[in-house]
Structures are given as structure tokens and as C-alpha cells.
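A.B. asks: To start, I am sharing the structure in question, which I have written as C-alpha cells.
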Amino acid sequence: MSRRRRSGPFELERWRPAPFLPERDTRDSALVFVVAVLCFLACLTALGVIASDRAARGWSHQLSGEMTVIVRPKANETPDSAAARAAETLAGVPGVAEARALEREKAEALIAPWLGEAADLADLPVPRLVAVVLDRESPASARSLEQALLARGLDAVVDDHTTWLADIQRGAAIARWVGLGVFLLISAAAAAVVAFATRAGLAARREVVELLHLTGAEDAFIARLFQVRFAQMAAGAGLVGAVFAAALGAALRLGGGGDGLTPVLPVAWSDLLAVLPCPLAAALVAAVAARMTAVNLIRELS
Amino acid sequence: MSRNPNATEPADAWDAVVRFDDVSMRYGREPETLRDLSFSLPQGSFHFVTGPSGAGKTSLLKLIYLAAQPSKGLLHLFGQDVAQTPAEVRPFLRRRIGVVFQEFRLLDHLSAFDNAAVPLRIAGRKPDSYRQDVAELLTWVGLKDRMHALPPTLAGGEKQRLAIARAVVGRPDILLADEPTGNVDHEMGLRILRLFLELNRLGTTVLIATHDQDLVARSGMPVLHLEDGRLAHMGPLSAGARP
């Protein structure tokens, strides 16, 4: 009902039928708010799941593409020459993209945390390390590296990071499933609230349902009125929730920085597209709930 | 029809637009509100339903406008057994029945004009085809200057007249009215009676539940008098059938 119709003389020629359901109803404010908040949480969880999945994949990818070789020099050569010979050997193995001997300082820096600041590393036989980057297409195996080193008479141990990789992959899988579980739980709660609130909103308009029913409106006609109205309302609320979640995701992306969340939870711009189905999903749930409620209500009247 | 539709003898079963055969009705597990009613209303007839409060007048109307179902017996509307009528057909039966509800049942968010037009919209009519008719009808019931008003701003009598306008706007085959003159003054009551008589003259079957003895007496139309849910008398108003 527009204000134009409520004030001034009635203009017959300009009259247009008003919607059977009120265009705006203060009783729906709570419904819109709750649906918007739940959609916001669901979208945020979805973004979190996607980002944590990406982080886990990144870590796995990085570890599985590299190996570390520990070279122990023999009596007749220096540690630096042994490391250089190992790097040269490994670089020639098929499936190795790059092999680089780490400088003494870097090797010492790696073991320093375990020995403490008081230790004098100059007196210790610190082994040299060779960092091996594998070919992504056809990576070499740890066995082939060991065989190549043995063939050149080098005393070395190849660490293919298997132990770390398994731990990280296990952790990532747990994080992925927990995130997915939380997302499904919040989505289910959002759907239940939308359905419940829709039923309450429809029950509050029982007088409209009754009058239309008794005046000869078909059940499908009445159900469609409520279906469309509540779907529109839920879509609007879902859109608000999705926009806020996307805005927060964008803020994390922009403000996370190297010291912020970005390394742990790397949000990509394309992740923000994940919130797009939210308004549609909310509308769908509300439409189904409204239809079922309207049909039940009409059945009670018949 | 060859005979007077308001004749007091039983109507031919196949001629009746409303036929009750031993009909009873109850709400839930309550005792029966209506008991063993058998009567017929021929097409074009005009009857009042009278009886003390609680006699079952409103329940009788509810059965006819399909807001309730008999707990026993057969109810025929327009020659169809209501119990056997498919659910998808019932809305079309309801469209042939205009109802003035005792509690009006106006939609508060719609203007008086929109409220009056509800049955025509539900019937699928285009606004241009009924705009003028609705305006004339509202003018006739004295709501010319209240067409844009919302029901909460209308006085009791205005709401009642609006409810009547809505009930008759679609020229129904049956008009049911529950205490239609309860909130209007004597003069408006007579105008409303004339409207009902005019509709009846055009072929509408009219059934009015009322306590208004003067209205019944002035119309000279027969009554269905209910006592404790039973049909105590059907025919001209008599001393034993005072509203």
C-alpha cells in the first residue's frame, strides 16, 4: 500500500491493484537480520575453508617438490668440495631441476637452534647440505638420488621430507574436514532458521491466507504469493550477509600482509566468488519452507 | 423455473443449489453443533437463518461456504456432493459464493477499494474490466469518500458495508451473510436489505443469518429457524420462529 493511495482524493483511473501481501512489514525485520547474520557466518566459514585448503596444498606442494641431501665429507676432501661434488652429481640426475650446495653459514644457522648459542660450531664437523629442487613433471625419486651419489663415492643421506609431508597432509585434511563440517553446520542452522522464521512470518499472516482461501483462490496461487515474498526477503538478507562476508574477506586479503593472516590463511580474490550462491541458497530454502507452510496451513483450513 | 423459489415446500433435489441430507457437524471432539439437518435451497430463493445465539447459524453458513465439513450426512452444492468434490475444484465452487463474515475479515493493509476488488482479482479479472463497477458499488454502499481508506480507519458500520460490497461485487450465485446489519443504522440496514433483494431478483440465492427481527419481518421472506443445532422450522416467519 503506497502512501499515495492513503492521502488525497481517490483517483479511479490511476488505481492499480495493491499486492495481496504487505510490501513491508516490521514483523519481518528480525527475520531479515537473523538470516543475514547466518548467511554472513556461512560465507565466512566457506572462505575460511577455501583459504585453509589452499594453505595446506601450498605447504604440501612445496615440501613434495624438494629434497635435502646431507653430505658427510670423506677424509681426503673438505666439506665444501664434497658438497659441491654432490650438487654437481645431483644436478645431472634425470628429474632434478636444480641442486644447490648450501654455504657453511646457512648449514650452521639451520642447526644452531638445537645446539644453543654457547656452542662453537667452528669446532664441530657440521655436515654440508644440498638443496634439491625436483622437476614438477617427472620428479626424481630419493632412491635414484642415493644411487647417483653412491656411484660417485659420496657419503650422503637423502631426506625426501616424507615424515613432514605426511604430518602436514594429515593436518591439512583434518583442517579441511573440520572447516567443511562447520560450514555445513552453519548452513544447516541458517536453513533451519530461515524455514522456522518463514513459518512464523506466514502464520502471522494467517488472516490473508484464510480470506484468499475462502474467496476462491487456488492453493497454488496462495502458496506462490508467500513463496515469492519470502524468497525475495531471504535473498535480500542473504545478499547483505554475503556482501559483508566478502568485504571482510577483501579486508583480510588487503590487510593481512606478511605478518598477518595471509601466510596462514591465504585468501585469493577469486575466493570471494564463493559467497555468490548464498542469496540464491537462502531464497531457495525460504521458498521451499514458505510453500510447505502455506500448503499445510491451507490444508488445515480445508 | 415454474414455481416460486421461496415456496416453503421442499425443493426438488436436482433443482437445489444447496441441499442438506441429514447433515450434522461438530468442531473437533465437541458435541454436535448442527444435528440432522435436511433441507434444500432452490436457485433464486431468499431465506433468513434465525435462532438464538449458539443455535448454529454461523456453523450452517460455514458448511455452505466450505469452511467446514459435515461430520455426518450429505451436503450438495450446485448439484455436487461436497465430500466427493476434488480439492482442486473447491476454489471454483467458492468463487460462486459471496460471504459477508460476521467479523468482516477485511485485509488491513489494503484500501477499501482493493478490499472490495479481492474476489474479482482472484477470479482473474483484469482491473480495467471491474474498476468502474467496484467504484459504483462502493458509492452505493456509502463509501464513495472512503475508497482509499484502510480498514483500521473505518468505523464499524463502514467496515460492514465494505464487507458486503466485497461479497456481492462478483455477482455470486449464492450470497451468505452473517449478521450483515449488526453494525449499521436502521436506514442503512434497509438499504442493505434492498441490495440483497435486488441481487435475489437477478437470480442470486440469498441466505442471511440474523437477529434483526425487523429486517426479517420487512422482507417477508421465509426463515430457517434453528434451535440447539436442529432445524426447528422452515417457512414463513411465525411466532415460534422469532429471531
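A.B. asks: Please go through the stretch B:44-81 and give me each residue that is closer than 20 Å to B:P172 by Cβ and either among the β-branched types (V, I, T) or open to solvent by 30 Å² or more (accessible area, probe 1.4 Å) (or both), ordered by number.
C.D. replies: Within the stretch B:44-81, B:V49, B:T58, B:K62, B:I64, B:A67, B:F78, B:G79, B:Q80 qualify.
A.B. asks: Scan (1) outside any strand (DSSP E or B); (2) away from every other protein chain (no Cβ under 14 Å); (3) in contact with a helix residue (DSSP H, G or I) (Cβ under 7 Å, 6 or more places away or on another chain) for the single condition B:V216 breaks and write down its number.
C.D. replies: Against the list (1) outside any strand (DSSP E or B); (2) away from every other protein chain (no Cβ under 14 Å); (3) in contact with a helix residue (DSSP H, G or I) (Cβ under 7 Å, 6 or more places away or on another chain), B:V216 comes up short only on (3).
A.B. asks: Out of B:S111, B:S24, B:S45, I need the residue that is out of contact with any Gly (no Cβ under 9 Å at 6 or more places or on another chain) and touching a residue at least 40 places away in the same chain (Cβ under 8 Å). Which one?
C.D. replies: B:S45
A.B. asks: Of all residues being within 14 Å of chain B (Cβ to nearest Cβ) and open to solvent by 30 Å² or more (accessible area, probe 1.4 Å) in the stretch A:169-212, which is modelled with the highest pLDDT? Just the residue, please.
C.D. replies: A:E210
A.B. asks: Can you say whether A:A217 is among the small types (G, A, S), open to solvent by less than 30 Å² (accessible area, probe 1.4 Å), out of contact with any strand residue (DSSP E or B) (no Cβ under 8 Å at 6 or more places or on another chain) and not in a helix (DSSP H, G or I), as far as the supplied structure shows?
C.D. replies: In short, yes.
A.B. asks: Something else: Limited to the stretch A:15-39, what total is found for residues that are at pLDDT 80 or above, within 10 Å of chain B (Cβ to nearest Cβ) and either assigned to a helix (DSSP H, G or I) or open to solvent by 30 Å² or more (accessible area, probe 1.4 Å) (or both)?
C.D. replies: Number of matching residues: 3.
A.B. asks: Residues in the stretch B:195-210: is at least one under 20 Å from B:G51 (Cβ atoms) and of a type in the set (G, A, S)?
C.D. replies: Yes, the conditions are met somewhere in the stretch B:195-210.
A.B. asks: Just give me the residues in the stretch B:44-69 being within 14 Å of another protein chain (Cβ to nearest Cβ) and assigned to a loop (DSSP other than H, G, I, E, B), in sequence order.
C.D. replies: Pass one, the stretch B:44-69, residues within 14 Å of another protein chain (Cβ to nearest Cβ): B:58, B:61-69.
Passing the criteria: B:Y65, B:L66, B:A67, B:A68, B:Q69.
A.B. asks: Suppose we filter A:D135, A:D159 for residues that are under 34 Å from the mean Cα position of the chain (by Cα), surrounded by 15 or more Cβ atoms within 10 Å (Cβ to Cβ) and acidic (D, E); which single one remains? Steps first, answer last, please.
C.D. replies: Values: A:D135 fails: surrounded by 15 or more Cβ atoms within 10 Å (Cβ to Cβ).
Sole residue among the options that is under 34 Å from the mean Cα position of the chain (by Cα), surrounded by 15 or more Cβ atoms within 10 Å (Cβ to Cβ) and acidic (D, E): A:D159.
A.B. asks: Whether any residue in the stretch B:70-81 is within 14 Å of another protein chain (Cβ to nearest Cβ) and not in a loop (DSSP other than H, G, I, E, B) is what I want to check.
C.D. replies: yes
A.B. asks: Could you pull out every one of the strands (runs of 3 or more DSSP E) wholly within the stretch A:42-134 that has 1 or more residues that are touching a Pro at 6+ places or on another chain (Cβ under 6 Å)?
C.D. replies: By residue number, A:66-72, A:128-134.
A.B. asks: If you don't mind, there's one more thing I want to ask. Against the condition within 11 Å of chain A (Cβ to nearest Cβ) and more than 30 Å from A:W15 (Cβ to Cβ), how does B:A87 come out, does it pass?
C.D. replies: Judged against the criteria, B:A87 is a match.
A.B. asks: Tell me, please, whether a residue that is within 12 Å of chain A (Cβ to nearest Cβ), open to solvent by 10 Å² or more (accessible area, probe 1.4 Å) and part of a loop (DSSP other than H, G, I, E, B) can be found in the stretch B:133-147.
C.D. replies: Looking for residues that are within 12 Å of chain A (Cβ to nearest Cβ), open to solvent by 10 Å² or more (accessible area, probe 1.4 Å) and part of a loop (DSSP other than H, G, I, E, B), one finds at least one in the stretch B:133-147, hence yes.
A.B. asks: Residues B:A165, B:A116: which one is open to solvent by less than 10 Å² (accessible area, probe 1.4 Å), among the hydrophobic types (A, V, I, L, M, F, W, C), more than 9 Å from chain A (Cβ to nearest Cβ) and closer than 21 Å to B:R201 by Cβ?
C.D. replies: B:A165
A.B. asks: Collect the residues in the stretch A:69-92 that are surrounded by fewer than 18 Cβ atoms within 10 Å (Cβ to Cβ) and among the aliphatic types (A, V, I, L, M), keeping them in residue-number order.
C.D. replies: Residues satisfying the conditions are A:I70, A:A75, A:A84, A:A91.
A.B. asks: Do you know which residues across the stretch B:82-107 are hydrophobic (A, V, I, L, M, F, W, C), surrounded by fewer than 17 Cβ atoms within 10 Å (Cβ to Cβ) and assigned to a loop (DSSP other than H, G, I, E, B)? Show your work before the answer.
C.D. replies: First, pick out the residues of the stretch B:82-107 that are hydrophobic (A, V, I, L, M, F, W, C): B:82-83, B:87, B:89, B:92-93, B:97, B:99-101, B:104, B:106-107.
Narrowing the set further to residues that are surrounded by fewer than 17 Cβ atoms within 10 Å (Cβ to Cβ) leaves B:83, B:87, B:89, B:92.
B:A87, B:V89, listed by residue number.
A.B. asks: Further question on the same structure: Report, ordered by the first and then the second residue, all pairs with beta carbons closer than 7 Å, sequence separation of six or more or different chains, a first member in the stretch A:214-228 that is at the interface with chain B (Cβ under 9 Å from one of its Cβ atoms), and a second member that is of a type in the set (V, I, T).
C.D. replies: As it stands, the answer is A:L214/B:V99; A:T215/B:V118; A:T215/B:I122; A:G216/B:I122; A:A217/B:I122; A:D219/A:V295; A:D219/A:I298, since those pairs meet every condition given.
A.B. asks: Something else: Report whether or not B:G170 is at pLDDT 90 or above, touching a Pro at 6+ places or on another chain (Cβ under 8 Å), assigned to a loop (DSSP other than H, G, I, E, B) and open to solvent by 10 Å² or more (accessible area, probe 1.4 Å). Write out each step before concluding.
C.D. replies: Numbers: at pLDDT 90 or above: yes; touching a Pro at 6+ places or on another chain (Cβ under 8 Å): yes; assigned to a loop (DSSP other than H, G, I, E, B): yes; open to solvent by 10 Å² or more (accessible area, probe 1.4 Å): yes.
Here the answer is yes, as B:G170 does meet what is asked.
The values are calculated or read from the model by the stated rules, or taken from the named source; none is laboratory data. Please read these numbers as outputs of a predicted model, since none were measured by experiment. Using ideal geometry, Cβ is built from the backbone for each residue, glycine included, and neighbour counts are taken over all protein chains shown. Keep in mind that these areas ignore ligands, DNA and RNA; they rest on the heavy atoms of the full protein, side chains included. Shrake-Rupley method; radii C 1.70, N 1.55, O 1.52, S 1.80 Å.
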